[in-house]
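Worksheet: one structure, shown below.
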Amino acid sequence: MNRFENIYTKNYQLIFNVVQKMTCNADDASDIVQETFIALYQSFQKNVRIDYPRSWLYKVAVNKSINYLKQQSKADNIELVNNITTEENYFEINEQQKIVQYALNKLKPDEKILAVLYSEGMSYKEMAEMSGIKFTSIGKTLSRTLAKLGDELKKLNYEMY
Amino acid sequence: MKCIDQQQLQQYIDGECTANKKAAIEKHLSECTRCYKKLYEMKALAVNAQHAIASLNRNNIEVPTFNYAKLKTKTKKIKYIIYSLSAACIIFFIFIFVDKKQEPCAEPVSIVQTLTWEADANQTFANQDFAIQITDCRGKSKVIYLE
Ligand SMILES: [Zn+2]
């Protein structure tokens, strides 16, 4: 196995999960993840130096997800996406997971990205770098986002601690 | 110290504030039940939100084999798009050209305008910009330089 394939196999699940949580759509997530790895492959072919492939992949995948979400919100397809996600049986998801996806879809693209990155345990600095949100605004945007998400989850009777 | 705003509480929860700020916040929290309660709620919310989102993670995903063929089809697709676009452009220009030729002008030249008509006796004729602008009925104009 060459270097690329090794990175691909080791990071696929991690990258897929981040994208899948941001897009709330497994099919589109698969496409974005493939595009991300294609970008890595092409960078390797052009001999671009990438010291930390994992964070490189992370950043590219998040970027692609942001573009995807912005396009979605422009097209005002959020409801549609929700329906597709819940009807689709690509992965079996339970009621609680459906609620979380539904609540996440109520967030604006920036908020959604931030919420997912936060759940990954990232620092504010990392979140700012990945999302393009100003470092000084992270605390404010995050607290607002969490409050919004919490309200949606409560409305849908999500089991909280 | 006045009450702590939501942003600062969030930063405190996430360990994202300076040591000084942290000390000031802790001092206030020990004196203000309202802020303490708010902190408690926000902490619970943060944990719940993180947990909820993390519950969407899938383990043991079957990693699809990387599709090297996709790299080729992608460039082929781009080439195809470029070719079709160029073809479309050519057809478009031919269409405009043919269309204009078919419509004869009632008055071939409508405006004749001189651009520069000040002669300098000390300069040679070729060094000066003597020009005539001719405009036809469609507004298409041509500048003719006299040498
Ligand atoms: Zn207070």
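With a ≥ b ≥ c the root eigenvalues of the C-alpha gyration tensor of the range B:6-54, is it rounded (a/c under 1.5), prolate (a/b larger than b/c) or oblate?
oblate
Any idea what the relative contact order of chain A is, in percent, if you count C-alpha pairs under 8 Å spaced at least 6 apart?
Relative contact order comes out at 23 percent.
Give me the percent of accessible area attributable to carbon and sulfur for the range A:3-155, probe 1.4 angstrom.
Reported share for carbon and sulfur atoms: 47 percent.
Of the heavy-atom accessible surface of the range B:6-54 (probe 1.4 angstrom), what whole percent is carbon and sulfur? Could the numbers behind the result be given before it?
Details: 1550 of 2900 Å².
Exposed carbon and sulfur together represent 53 percent of the surface.
How do A:143-151, A:93-101, A:43-51 rank on mean C-beta neighbours within 10 Å, highest first?
The peptides rank, most packed first, as A:143-151, A:93-101, A:43-51.
Which of the residues in the range A:94-119 show a loss of at least 30 Å² in accessible area from their chain by itself to the complete set of protein chains, at a probe of 1.4 Å?
A:GLN97, A:VAL100, A:TYR118, A:SER119
Could you go through the range B:3-20 in sequence order and give the Karplus-derived ³J(HN,Hα) for each residue, using 6.51 cos²θ - 1.76 cosθ + 1.60 with θ = phi - 60°, rounded to whole Hz, and x for Gly and Pro?
Values per residue, Gly and Pro as x: 5, 7, 7, 4, 4, 5, 5, 4, 4, 5, 4, 8, x, 10, 10, 5, 4, 4 Hz.
Over chain A, give the accessible area per residue in Å² for a 1.4 Å probe, as an integer.
Here the per-residue accessible area is 51 Å².
Looking at the square roots a ≥ b ≥ c of the eigenvalues of the Cα gyration tensor of the range A:3-155, which shape do they give, rounded for a/c under 1.5, prolate if a/b is larger than b/c, or oblate?
Judged from the Cα gyration tensor, the range A:3-155 comes out oblate (a/c at least 1.5, b/c at or above a/b).
Find the sum over both chains of the accessible area lost when B and A are paired, probe 1.4 Å, and report it in Å² to the nearest 100.
3500 Å²
The values are calculated or read from the model by the stated rules, or taken from the named source; none is laboratory data. Everything numeric here is computed off the predicted structure, so don't read it as measured data. Positions of Cβ are generated from backbone atoms using ideal geometry, with glycine treated the same way; all protein chains shown enter the neighbour counts. With ligands, DNA and RNA removed, areas are computed over all heavy atoms of the protein, side chains included. Shrake-Rupley method; radii C 1.70, N 1.55, O 1.52, S 1.80 Å.
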